[in-house]
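What follows is calculated from the coordinates using simple rules that are stated; it is not laboratory data. Small disclaimer: the values here were computed from a predicted structure and weren't measured. Please note: Cβ atoms are built from the backbone with ideal geometry, for glycine as well, and neighbour counts cover all protein chains shown.
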Amino acid sequence: MIKYINGGIGDILVSLQDAKEAKEIDLYSHFAGAKEMVENAGVKVNKFVYYTNKIPEDTPGEQLPFRLFPVFDLPYNVVDILDKYDIDDKPIIGVHPFGSNFSRDFWAEKDHPIKNFSNECIEWLIEELSTSYNIFLYGTCSELDQLRQNIGSYFFNKNVHLFCNEIWESLASVALCDAVIAADSCIKTMSAILGKPTYVYLGNYVDHYRDQIFIDPYIREGVMKVWQFTRPTPQMFKPAINDILSN
């Protein structure tokens with residue numbers, strides 16, 4: 001019986017250990033680059049179904065299990081990150097202020113808070129952290145380009161390093177982080193499965209699937225701390241910043 005993964009980047013990552021053992025899988029995903037991502041990790045994709053809004057109900061086979069801390073080899077060398085981005089010896093904080101387009105659109109239709117941090121929040125985080133830390137700022141290239149237009153002066157800070165699009169490079173860079181502050185996103189999943197201190201900001205609504213797979217288990221493990229918001233403000237990040245600065 002063919003085994004399968006259904007979901008986005010986070011779902012792929014927590015299933016990847018078993019996918020590598022299966023060697024060949026079916027893949028259903030709202031991430032357009034999912035097939036390339038999985039095949040770059042050494043797994044053959046028998047069938048790839050890309051969806052943009054409605055999750056497929058017809059997924060024959062056996063769904064691969066989720067693992068809290070999956071074990072797999074990174075297809076990208078973390079040393080290359082240090083060389084490519086000229087990272088100095090300050091500690092590194094990852095910041096991912098965006099949720100996935102699929103999830104944002106899904107919940108926006110239900111009038112729930114969007115997952116993005118505001119420009120004001122991003123400016124505040126950079127100001128608070130960049131003196132003492134390197135900041136790895138994550139997003140798609142279009143998200144970071146738009147952010148550059150909105151708060152461009154902050155990107156001239158030599159301690160702010162941008163990561164977009166390449167999933168395995170992003171995962172390798174998260175492996176270098178001392179902590180991560182993120183919206184409900186694939187980066188927070190990368191951070192959690194690597195056992196990094198992960199500070200997550202969720203829209204204030206119920207999402208049982210999200211909580212059961214990607215939130216509650218990591219809270220129990222002591223890896224993740226979570227806050228909910230209706231409208232993002234800089235003040236909501238102060239507990240996370242204080243916790244980071246005290247460790």
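Things worth noting here:
- Residues in the range 193-205 carry Karplus couplings, in order, of 5, 8, x, 7, x, 10, 10, 10, 10, 10, x, 7, 7 Hz; the curve used is 6.51 cos²θ - 1.76 cosθ + 1.60 with θ = phi - 60°, and Gly or Pro positions show x.
- In terms of packing, defined here as the mean over residues of other Cβ atoms within 10 angstrom, the peptides 178-185, 58-65 line up highest first as 178-185, 58-65.
- Among L129, G99, A240 - extreme Cα towards positive end, dipole of the range 78-246, charges at beta-carbon: A240
- Restricting the calculation to Cα atoms, the range 3-54 shows an Rg/Rh of 0.92 when the hydrodynamic-style radius is the Kirkwood one.
- Long-range HN-HN contacts of V226 with modeled amide H, under 5 Å: V200
- Once you reduce the range 1-75 and the range 182-220 to the center of their Cα atoms, the two points are 19 Å from each other.
- Projection of the Cα convex hull of the chain, averaged over all directions and equal to a quarter of that hull's surface, yields 12.8 nm².
- In a reduced charge model with +1 at each Lys and Arg Cβ and -1 at each Asp and Glu Cβ, the chain shows a dipole moment near 260 debye about its Cα centre.
- Shape of the range 159-247, Cα gyration tensor, a/c cut at 1.5: rounded
- For the residue pairs K23/K90; K54/K238; K3/K225; K90/K196; K54/K196; K84/K115, the C-alpha atoms sit more than 28 angstrom apart in K23/K90; K54/K238; K3/K225; K54/K196; K84/K115.
- Taking Lys and Arg as +1 and Asp and Glu as -1, the other residues whose beta-carbon sits under 14 Å from that of I151 total -4.
- Calculated from backbone phi, Karplus (6.51, -1.76, 1.60) coupling profile of the range 36-47 in Hz, x at Gly/Pro: 5, 4, 5, 5, 5, 8, x, 10, 7, 9, 6, 9
- Farthest toward positive dipole pole in the chain [+1 Lys/Arg, -1 Asp/Glu at C-beta], among I213, I193, Y28: I213
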